[in-house]
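The values are calculated or read from the model by the stated rules, or taken from the named source; none is laboratory data. Values in this document were obtained by computation on a predicted structure and should not be read as measured data. All Cβ positions, even for glycine, are placed from backbone atoms using ideal geometry, and neighbour counts span all protein chains on display. In case anyone asks, the SASA skips ligands and DNA or RNA and just uses the protein heavy atoms, side chains included. Shrake-Rupley method; radii C 1.70, N 1.55, O 1.52, S 1.80 Å.
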Amino acid sequence: MSSPAEPRIIFTPSGRRGRVPRGTTVLEAARMVGADLASLCGGRGICGRCQMTPVFGTFAKHGISVGPEALSEWSETESAYRRRRGLEPDRRLGCMAKVCGDLLVDVPPESQTHRQVVRKDVDVGKLRLDPVTTLHYVITPPSTLEEAAGDAQRLLRALAEQWGLTEVGVRAEMLGTLQEALREGRGKVTAAVRDGREVVAVWPGFSEVVLGVAVDVGSTTIAGHLADLTTGEILASEGLMNPQVRLGEDLMSRVSYAALNEDGGARLTSLVREAVNELCAGLVESAGAAPESVLEMVVVGNPIMHHLFLGLDVRPLGEAPFTLATDGPVEVSASRVGVDLADAARVYLLPCIAGHVGADAAGMILAERPYESEEITLLCDIGTNAEIVLGNSERLLAASSPTGPALEGAQISSGQRAAPGAIERVRIDPDTLEPRIRVIGIDPWSDEPGFSALEAETQVTGICGSGIIEALSELAAAGVITADGLIDGRAAERSRRVVETGRTFSYILWDQGSEVHVTQNDVRAVQLAKAALLAGARLLMDHLGTDHVDRIRLAGAFGSHLSASHSMALGLIPEISQEGASSAGNAAGTGALMTLLSGECRREIEQITERVEKIETAIEPRFQEHFVEAMSFPGARRSRDGEGRVNQRRSRRGTSRRTRERRR
């Protein structure tokens, strides 16, 4: 039992408290009472991570009064640190300041070991920083004739005595590096320890930088984030095109390429690994970091990208029963998958869910966490293959739908990737059929001041996926496209923009310099893609036993840029309140980042994916029924009379939601 003479110490914001012996450092006191106070240097006044603020005054709630005498005087080490790196006037180093009386200590966010990570560019929620690789600065005892312990044994002894790490090992391939580091650092080294079990890197002296990369390997684009594992800070974010596109635009065409060419699989693997290497090199260069400091990588991707990155045979994924090589998490060395990082770098891939629902869907589930809510949530990661997850805290179901490349601008007459010059937003006047457009790289709309001058520089070059969705939705609402997806030639009487092209009609969306048309074939391509997505969602709703969803989150490089109202009017997703549907951004990439920064998240998603029920659309009769029903455009304007003449006005009900968005 603690002596009453021992001072009390209280830490905020954690609320941890207890009695500690006089002369105990604040850092030691934090460890004794279980408070959150960081340190990389082992309490030697080097790293500055243990900064804290003593709070003075009388605190009736806690029954203590705190004055300056509650802490020891400033030490020379603290003064030297302030001169060297700066220290706020009201702060002290927890490893140097000693408890002399009752004390209230505030631990700032940057000094909390498991602090919440808040990213403005990537929403990781209330994530507790808990990386699998951590840094530990130690001073090893010198080797003597009386006690000539080996370098590895001296390091392990120091880690046990100074950090309480008693179950750590050193790999044989680390011994040479360890020898050099100990000699150069004169016994003072920083060890990187993975999972509290293995020393994976060691540097002479004090080091406080260990980095990780989170990568989303998509079929069209590859995106990544470089993060500091000790602070959670994102140092760089980049993306590039997946070079496999030239061997096949969609996933099944790449499986076919691997099956029909003797070295097809190896070539696809080589391309994606080269691209990931290029991405990592760019991230490291942008951050001004060294590749040797990157010790962790997390990768997500659909099952085919997952298998190709690992160098696995993808042919079984091209035919029933679509068998994965593994649906569990995979961990390999970076060198094993051809990624040039630190020698000890490890790559972790999230678990896959089914033959066409991959680690990217697992990342999306982790980022959106539908399993924590009673609301029924529909998650859609839309690309050349849509991955769909439906459920709540009771059940989770997943499926994939073959949407094809049309929704990303491919197979569209004027289609292109989302790049400067692409039309991304469209509004069409329901009476005159005149369009307004917004172009990537140009802020004003086409009818706003400044657009013409900027367009002369950037120039309209085509239309991307979000643009074609809005164009078709607007044309349907204006009566140009019928409910069954036909461009109605009678609309030519209303506007010069509806023109005859052979046996069908087209709509001229842009004709100033370059021309962008919406053709009947474009409508059919999108019609097939959107029907596949909606049919997949409705199939999952059947299995869940519900006729509604409460929330829809659109993810992926394409899905995150969609207008929810246009998507519902086109019949791309189930119709709910406009407030209930929103963008999730690159949710798969966010999930990858979360598992990079938190070992707890890794364990969590590994457990959650075990609960997900897999629904295979290819063998479900109801999928075809839903597909046929989903071919129609629910937002198409209906005629007032039996002759099917095009209305010149919208009903209030048909225009309210869309008009609100158009006026923005």
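Table for the structure above
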| quantity | calculated |
| --- | --- |
| The lone exception for SER567 - which of (1) open to solvent by 40 Å² or more (accessible area, probe 1.4 Å); (2) of a type in the set (S, T, N, Q); (3) part of a helix (DSSP H, G or I) it fails | (1) |
| Any pair with Cβ under 7 angstrom, 6 or more apart, that starts in region 302-329 at a residue that is within 19 Å of ILE222 (Cβ to Cβ) and in a loop (DSSP other than H, G, I, E, B) and ends at one that is at pLDDT 90 or above and among the basic types (Lys, Arg) | none |
| Strands (runs of 3 or more DSSP E) fully within region 1-111 counting 2 or more residues that are open to solvent by 70 Å² or more (accessible area, probe 1.4 Å) and over 30 Å from ALA191 (Cβ atoms) | 17-19 |
| Answer residue from region 157-174, given it is part of a helix (DSSP H, G or I) and over 17 Å from PRO141 (Cα atoms) and is most open to solvent (accessible area, probe 1.4 Å) among those | GLU173 |
| Single residue of ARG425, ARG503, ARG438, ARG496 found to be closer than 18 Å to VAL526 by Cβ, at pLDDT 90 or above and basic (Lys, Arg) | ARG425 |
| Selection within region 433-462 - within 13 Å of TYR507 (Cα to Cα) and surrounded by 19 or more Cβ atoms within 10 Å (Cβ to Cβ) | LEU433, PRO435 |
| Close pairs (6 angstrom Cβ cut-off, 6 or more residues apart or separate chains): without any contact (Cβ under 8 Å) to a residue 40 or more places away in the chain in region 191-206, hydroxyl-bearing (Ser, Thr, Tyr) and part of a strand (DSSP E or B) anywhere | TRP203/THR190 |
| All positions within region 345-366 that are within 24 Å of VAL132 (Cβ to Cβ), among the small types (Gly, Ala, Ser) and open to solvent by 10 Å² or more (accessible area, probe 1.4 Å) | none |
| Filtered residues of region 245-282 (kept if at pLDDT below 85, in a helix (DSSP H, G or I) and within 25 Å of the chain's Cα centre (by Cα)) | VAL245, LEU251, MET252 |
| Long-range neighbours under 8 Å by Cβ, at least six apart or interchain, first residue under 19 Å from LEU562 (Cβ atoms) and touching a residue at least 24 places away in the same chain (Cβ under 8 Å) within region 431-446, second open to solvent by 30 Å² or more (accessible area, probe 1.4 Å) and of a type in the set (S, T, N, Q) | PRO435/SER446; ILE437/SER446 |
| Region 370-382 residues that are under 11 Å from ARG553 (Cα atoms), paired with ones that are among the aromatic types (Phe, Trp, Tyr) (beta carbon under 9 Å, 6 or more apart) | ILE382/PHE558 |
| Selection from region 367-421 of residues that are on the phi < 0 side of the Ramachandran plot, polar (S, T, N, Q) and over 21 Å from the mean Cα position of the chain (by Cα) | SER393, SER401, THR403, SER413, SER414, GLN416 |
| Residue match in region 376-390 (condition: in contact with a strand residue (DSSP E or B) (Cβ under 8 Å, 6 or more places away or on another chain), of a type in the set (A, V, I, L, M, F, W, C) and assigned to a loop (DSSP other than H, G, I, E, B)) | yes |
| Where GLU493 falls short, out of the listed (1) surrounded by 18 or more Cβ atoms within 10 Å (Cβ to Cβ); (2) over 38 Å from the mean Cα position of the chain (by Cα); (3) charged (D, E, K, R) | (1) |
| Filtered residues of region 201-227 (kept if over 11 Å from LEU593 (Cα atoms) and acidic (Asp, Glu)) | GLU208 |
| Pairs where the first residue, in region 409-429, is open to solvent by less than 20 Å² (accessible area, probe 1.4 Å) and the second is of a type in the set (Ser, Thr, Tyr), C-beta under 7 Å, 6+ apart | GLY421/THR458; GLY421/THR461; ALA422/THR461 |
